[in-house]
Every structure is written in C-alpha cells, then in structure tokens.
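A.B. asks: The structure under discussion is supplied below as structure tokens; questions concerning it will follow.
The values are calculated or read from the model by the stated rules, or taken from the named source; none is laboratory data. Because the structure is a prediction, the values reported are computed rather than measured. Backbone-built Cβ (ideal geometry, glycine too); neighbour counts: all protein chains shown. Areas reflect the complete protein model, heavy atoms only, side chains present, ligands, DNA and RNA absent. Shrake-Rupley method; radii C 1.70, N 1.55, O 1.52, S 1.80 Å.
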There are 2 protein chains.
Amino acid sequence: MFEFQLEATSGAARAGLLTLPHGPVETPVFMPVGTQATVRTLSPRDLVTVGARLVLANTYHLHVRPGEDVIATLGGLHRFMGWEGPLLTDSGGFQVFSLDGFRRVDEDGVEFQSHVDGARRRLTPERATDIQWVLDADVAMAFDHVVPGGADEAREGQTLRAADRPTVRQTLWPILQGGTHQTLRAEGLQRILEMGSWTGLAVGGLAVGEPKAAMYETLEALAPRLPATLPRYLMGVGFPEDLVAAVERGMDLFDCVAPTRNGRNGTAFTPDGPVNIRNAAHRADPRPLDSSCDCETCTTFSRGYLRHLFVAEELLGLRLLSLHNVRYLIRLAAQMRAAIRAGHFPRWAADWRRRYTQPG
Amino acid sequence: MFEFQLEATSGAARAGLLTLPHGPVETPVFMPVGTQATVRTLSPRDLVTVGARLVLANTYHLHVRPGEDVIATLGGLHRFMGWEGPLLTDSGGFQVFSLDGFRRVDEDGVEFQSHVDGARRRLTPERATDIQWVLDADVAMAFDHVVPGGADEAREGQTLRAADRPTVRQTLWPILQGGTHQTLRAEGLQRILEMGSWTGLAVGGLAVGEPKAAMYETLEALAPRLPATLPRYLMGVGFPEDLVAAVERGMDLFDCVAPTRNGRNGTAFTPDGPVNIRNAAHRADPRPLDSSCDCETCTTFSRGYLRHLFVAEELLGLRLLSLHNVRYLIRLAAQMRAAIRAGHFPRWAADWRRRYTQPG
C-alpha cells in the first residue's frame, strides 16, 4: 500500500503508478479541489465521468465547518461526500496563513480566527494530523508554515504519527517549503529525508504569486535532488501551461481551483488556449467549446447555448464550464502520461505549447 | 400525432397517453420548467435520469434573450438546450402581464418593456405563435391575457395558425382564462370550443394568488364541462398537495417552478411533507432526504451532507435539492397514474394527504 512505481521517463518527465487504499492513481495526475468536501458545482458522479481519480479536500475548511466530528459520525470523508475513489486532505497550513484575520504563530502551532464565525481556534502539527486521521483520506499532508525559509515547521506531527498509527488506510506526506530560495529548499529537503522514509513528498510555497520563471527555475534546481522513488506533489498548480512546465520538470501530482474558478467566471480551457464564453462572438456559434473533448458539455452543447447560460446568469453554465475544465486538465495529464510512456514527451510539450499559446 | 388517448379514470381523475412528435407522454404528468431553456441547475441528462418527459420553456424569455433567431440558427430549441424529448413553450402572455415595467394593451396585442435591456417590444397573438413556430417545441400555447374575464384574447392566432401551417411537428393549445368566475370560464370555454377542434386545452389564471379553496372550486365546476377527449393542462401548478387536488379534479398536465425554486431555498419535498435542510436538526443526520426516493441525491447523500452544502453555500446543494424535488413530483405523478389505472385513486389520495400533511 502507498507504493509508487516509476513506469517511464522522458526527459525529466515521469509516468508512474501510485497505489492507494481507495484505488490506483496513474501519474502525472491532476486532482480536482473539493475544498469544502465538494468540487464546486460537480457531483461525485460527474467526477467519475470526467475521469477524476484523486480528489483533494481541505482540513482547515472541514474542521471549521461542519467539523470533523460531524464527518466522522457520517462515516468519514469518503462516505460524507459520496466519493469512493482516493482522497487527499491538505493540512490547513496554507489556509491558516493565507486567509484574512487574526493569527499568532508560536513554536508549537498557530492560533487563528475562524473565517466562519470569528471564533479563536488553534492548530498544531499534531492536531492537524489528528483531524486528518478522523477525516480518513488516503493521503494526509503535514501541517506546513508557508513562509520562505519556514520549511522546518512541518516535522513534528510526521515523526509522531509515523510511529503510533497503522499505515494501512492513511499515509502522511511532508511539505517542502523554502519559497524560491534554493539553499533553503535544499536544506529543508535534507531534513525531511533524514526524518525517515516517506511514501510521497509535496512541494509547497510555489504558485503563490512569484514570477513563473522563478517557479520553473526552483523546480529545475530541485528535481534532480528529489528521490526518484517518491511521487512529487506540486501544490496549487495549475493552469494548463504550468502543468505542462511542471511535468517537464519532473513533478507528478497537481491540484488547483483554476478549472472550477475559471469555469465559474466563464473561461474555458481549450487546446488553442483559453476561451471567454461571454464574448459576443459566440452568440450564435454552433461549435462545441473544444471539438477534441469528450465531456458532456462539449458533446451536448454549442458555444451559443453556453454563452446564453452565462449571459442569462443560469447556474447550469457554471457547472458545464467547470465540468469541461476539470475534464480538460485530466485529459491533459493523461496525454502527458501517454507521451512520456511513448518516450517523446519533449516533442509533445513543444507542440502543445505552440498551439496553446498562439494568439487568437 | 398529438392524439390523446384516455386510458382510465378513477373518480374524476384520469390517466392518459399523449402522443407528441418527440415521444409519448403518460398523464398525469409534471413538466419541469426551463424558463430560459434550462431547468435551473439541471442538465438534460439529469432530466432524463429523473424521468422527465415533457419540459416547458418560455417564449417571452427566449424572445428577449437570446432571441428566437439565435435559437433557430443553433438548430431550434431542442437542439439548443440539448433536450431530445417533448417540449412545450408557454406563449409569453403570462410574463408580459406579470413582470414589472411598462406595458400597454390594445385590441391587437401588447407593447411592453424588456426586463433585460428596457427596450420596447410588441407581442401579438400572431407574433407569439410565429416565435413559437421558430422555437419548434412540440406544443405551442396561444397568447393569453391574464385578467379575470379576459378569456377571449387568445383566439386570433389560433384560428390563423391552424389554417396555414402543417400540424406534423407542432400543435397549438388555447388557454382558458376567467379567474375564479365560473360564468366567465363557461363562456370562454364555449367560445374556444366553437373555434374548431383542438388537441389540448390549458387552464390559466389559477394558482396566481387566489385562495386554494377558490382554485379547487373553480376546477370542480369546470372539469365536467371540459371535453373528455382533450388533455387538460393546469398552468403553474404546483406544489405536491395542489397536484394531487388537481388530479382529483380531472386535470392531466402541470408545470411549476416550485421544485427548483424551493430546492434552491433549501426546501425538499418528501412523503411526510416539506423538509428544510438548513435546520440544525439535520447537522449529523445520516438519513437520506427521502428514504423512498431513487434519485441521485437520496441514494448518495445524507441529510447531514446536504445541510453542510447549504450552510457552506456550495452550489452543489442547490442542484441536489432541485434534482430531488423534480424527481419527487415526477414520481408523484407516476404514483397517481398507477392508482388511477388500478381504480383506487380516491383512497390513494386520502392516504397520501394524511401522511403528507401530518405535523412534524
């Protein structure tokens, strides 16, 4: 269980197979984000239909509302949200440090204000791991402190939990921080690897507003130092061009709210770049959003109808574009996997980029 | 085509079969309302799944936005909204008279202000029929004037169109007005029946705010005068108790936004009466909304999860309750049909009412 089998490489890109309690996950893989135990506008049946395998939920949000006790009473997170496939829970570190409101950090943890009711709450690495144990996702994340150089905050809960809990149904991955400082990243990585053997490793603190070139450089410097045997989860990425760039640089797993958030804003990913469906040019356009896509949105509806839904402020529009965008990223990951296994990923990536970024 | 076969009666209740170009429709039947060419939050695939047969769309709204020209360019209303089953378009009369803003009625039609851009537009019975012909639903409705006693407004377009258009793909039903005035209803009905042979008849101007007892009395007085051979469409009904009461009084077809609007407000129909899912009592409730229901919502999710979606303002909640409520009314109609065919509808209705209206 929790084994990662590296199946093929092409350039620095990797194709692998991660075995989790709720099923196998082929990499590269894009994880749709179900922050509050729902991928916004989509049902679990939709997620199966679009080929989602690993879905992310957020410990901070679920702790604050409805509370892990409620979710446990209702049978754990899988049962609660009706998702039978693999799940990963983020630790809540990122949210605690990025949401507005009071917070106070000390050596052991962080005190913060709930964004729901303003109540003071406290999270420590141990507590974040406890909550995630109750939530019962396949993969839990260590509680991280997202500040450049803060890579050592994540440790305690990890060693603690590796010792006193069975690993049959949940594993814990550490999060490597360090911003774009390569020295800090290298030091953090060394400490994490010294702590024992892991089943996976996350790279945090990127895609948080730094220039894209800085993110790419950081990944390029980091990738050769990472153990080849561990799956590498680049947190919070991303947009299609970032997904391709990160796979090129040896990353395996990704999550981002971009497909659903952009979908709700009326932006659809296509092989020719993003399309704004509100544009008047689509008013009577009989073409699908993406003629190469097999999703319900693209096989059923015209751009003209989708534009009508957005202009008329119909909720179905938000759902149909979210559905397509998630399917788009899942297909993109599958296409990359195929190109890696066929041994021509660099050529595939160059072709993809030429088409995706062309004007118009 | 457009034939209505009366299959069984039980008391005044009727079970029938209506044959339309896009398929047969068993009655009693509840039509989900897709005002703007979408049943709010639901996809056409959802509609198939919940057993919807006849779906309603609105001429006024579609004329104003996106315009019937756009819909025609995109292949007609069925293709536009991705719905392959039978469709009925309301004429727009009700909307023109009930929406806010300027309107001026004369002998030939009505001038009004678009709720979208404030532009002045004009609808006449001929124009409303023309627009519906372009939209290409199976059943079009005559342009009606919703004021008590205004039952004669609906005629011109009807006789006009019956003469000069093929009836292969679309039929036109008149709307009987007259409020709760039985004399006006009787006169209006006589004039409508004198105008020629129809394939169906709608009863308008009820469920518009009058006391329920007045609606029931009006239907009781009206039903014996209606030709048994025509399907009877009671417009804008309804809530479960009204659907049962109207079937008891000989009505066959129904439409209402109640299941989707109530669903979006967090109210679910169940055999034991409405449930407000936001109620704190459902916080950790593992039961489905309605344990007798076969819909995706009831077979997948707990009340606790559904409450979480509403409290956390997740869009999936609106969709899941809308889906259940539409399925509830479609099953209710199917249960009534079965009771009528089995010859014990009055007993079924009494049992149903006893359970539905009991407190708690």
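A.B. asks: State the Cα centre-to-centre distance between the stretch A:37-86 and the stretch B:181-231 in whole Å.
C.D. replies: If we compute the Cα centre of each part, the gap is 50 Å.
A.B. asks: Now, a different point. In chain A, which whole DSSP H runs stretch at least 30 Å along their own axis (Cα) and average 0.0 or higher on the Kyte-Doolittle scale?
C.D. replies: Qualifying helices: A:315-341.
A.B. asks: Put a point 7 Å out from Cα along the line to Cβ at B:ARG283; what are the distances to that point in the other copies, in nm, shortest first?
C.D. replies: The answer, with the shortest distance listed first, is 5.3 nm.
A.B. asks: Under 10 Å, Cα contacts only: if you run a Gaussian network model on chain A, which one of A:ALA12, A:ALA339, A:ALA312 comes out with the highest mean-square fluctuation?
C.D. replies: Among A:ALA12, A:ALA339, A:ALA312, the largest mean-square fluctuation in the Gaussian network model of chain A belongs to A:ALA312.
A.B. asks: May I ask which residue of A:LEU56, A:GLY75, A:THR38 lies farthest towards the positive end of the charge dipole of the stretch A:1-99, with charges of +1 (Lys, Arg) and -1 (Asp, Glu) on Cβ and the Cα centre as origin?
C.D. replies: After comparing all options, I get A:THR38.
A.B. asks: Quick one: pull the percent of accessible area on chain B belonging to carbon and sulfur, 1.4 Å probe, ligands and nucleic acids left out.
C.D. replies: Taking all protein chains in place, chain B shows 49 percent carbon and sulfur surface.
A.B. asks: Oh, and also: Report which residues of the stretch A:15-58 become buried by 40 Å² or more of accessible surface when going from the isolated chain to the complete set of protein chains (1.4 Å probe; DNA, RNA and ligands ignored).
C.D. replies: A:GLN36, A:THR38, A:THR41, A:SER43, A:ARG45
A.B. asks: Using r as the Cβ-Cβ distance of B:SER292 and B:VAL48, and R0 as 25 Å, what FRET efficiency do you calculate, to the nearest 0.05?
C.D. replies: So the FRET efficiency works out to roughly 0.75.
A.B. asks: Ignore the peptide's own chain and count Cβ atoms of other chains within 10 Å of each Cβ in B:67-75; give me the average, rounded.
C.D. replies: The shielding value for this peptide is 4.
A.B. asks: Next up: When ranked by the protection proxy of mean other Cβ atoms within 10 Å per residue, highest first, what sequence do the peptides A:128-139, B:265-276, B:280-291 form?
C.D. replies: Order by mean packing, descending: A:128-139, B:265-276, B:280-291.
A.B. asks: Give me the accessible area of B:GLU194, 1.4 Å probe, in Å² rounded to the nearest 10.
C.D. replies: 130 Å²
A.B. asks: Could I ask something else about it? Under 4.7 Å Cβ to Cβ, no partner at all: give me those cysteines from the protein assembly as shown, in residue order.
C.D. replies: Isolated Cys, the protein assembly as shown: A:CYS256, A:CYS295, B:CYS256, B:CYS295.
A.B. asks: While we're looking at this one, here's another question. Alpha carbons only, please: Rg and Dmax for the stretch A:260-315, in angstrom.
C.D. replies: Cα-based Rg and Dmax for the stretch A:260-315 come out at 10.2, 27 Å.
A.B. asks: Additional query: Around B:ILE277, under 9 Å between beta carbons, what's the net of Lys plus Arg minus Asp minus Glu among the other residues?
C.D. replies: With Lys, Arg at +1 and Asp, Glu at -1, the neighbours total +3.
A.B. asks: Here's another thing I want to ask about it. Hey, got the dipole for the stretch A:155-292? About the Cα centre, +1 on K and R Cβ, -1 on D and E Cβ, debye to the nearest 20?
C.D. replies: Once rounded to the nearest 20, the dipole reads 400 debye.
A.B. asks: Percent relative contact order of chain B, based on C-alpha pairs within less than 8 angstrom and at least six residues apart?
C.D. replies: So the answer I get is 18 percent.
A.B. asks: Also: Quick check of the Kirkwood formula: for the stretch B:1-50, what is the inverse mean of 1/r over all pairs of different Cα atoms, in Å?
C.D. replies: Result for the stretch B:1-50 stands at 12.8 Å.
A.B. asks: Taking +1 at the Cβ of each Lys and Arg and -1 at the Cβ of each Asp and Glu, which of A:THR229, A:THR171, A:MET251 sits farthest along the dipole of the stretch A:169-254 towards its positive end, judged by Cα position relative to the Cα centre?
C.D. replies: The residue sitting farthest along the positive end of the dipole is A:THR171.
A.B. asks: Follow-up question, since we're still on this one. Taking the alpha-carbon centroid of each part, what is the distance from the stretch A:242-262 to the stretch B:234-295 in angstrom?
C.D. replies: Cα centroid of the stretch A:242-262 versus Cα centroid of the stretch B:234-295: 42 Å apart.
A.B. asks: Of B:HIS181, B:HIS145, B:HIS63, which is the most mobile in a GNM of chain B whose springs link Cα atoms less than 10 angstrom apart?
C.D. replies: Maximum fluctuation in the GNM of chain B, among the listed residues, is at B:HIS181.
A.B. asks: Per residue, how much accessible area does chain A show when a 1.4 Å probe rolls over the protein heavy atoms, in square angstrom?
C.D. replies: That works out to 38 Å² for each residue.
A.B. asks: For chain B, with a Gaussian network of springs between Cα atoms less than 10 Å apart, report the residue from B:ALA207, B:ALA140, B:ALA228 with the top mean-square fluctuation.
C.D. replies: In the Gaussian network model the winner is B:ALA228.
A.B. asks: Shielding by partners for A:280-292, please: the mean number of other protein chain Cβ atoms within 10 Å of each residue's Cβ.
C.D. replies: 2
A.B. asks: To continue, here is another question. Measuring nothing but label to label, 7 Å from Cα along Cα→Cβ, what are B:ARG341's distances to the other copies in nm, shortest first?
C.D. replies: Shortest to longest, the spacings are 4.9 nm.
A.B. asks: Accessible area lost on pairing A with B, both sides, 1.4 Å probe, Å² to nearest 100?
C.D. replies: Counting both chains, the buried surface is close to 3400 Å².
A.B. asks: Could you pull the Rg and Dmax for the protein assembly as shown, using just the Cα atoms, both in Å?
C.D. replies: When restricted to the Cα atoms of the protein assembly as shown, Rg and Dmax are 29.5, 93 Å.
A.B. asks: Over the heavy atoms of A:TYR356, what accessible area does a 1.4 Å probe trace out, to the nearest 10 Å²?
C.D. replies: 20 Å²
A.B. asks: So how strong a dipole does the stretch B:171-223 carry about its Cα centre when Lys and Arg Cβ are +1 and Asp and Glu Cβ are -1, to the nearest 20 debye?
C.D. replies: Here the size comes out at about 80 debye.
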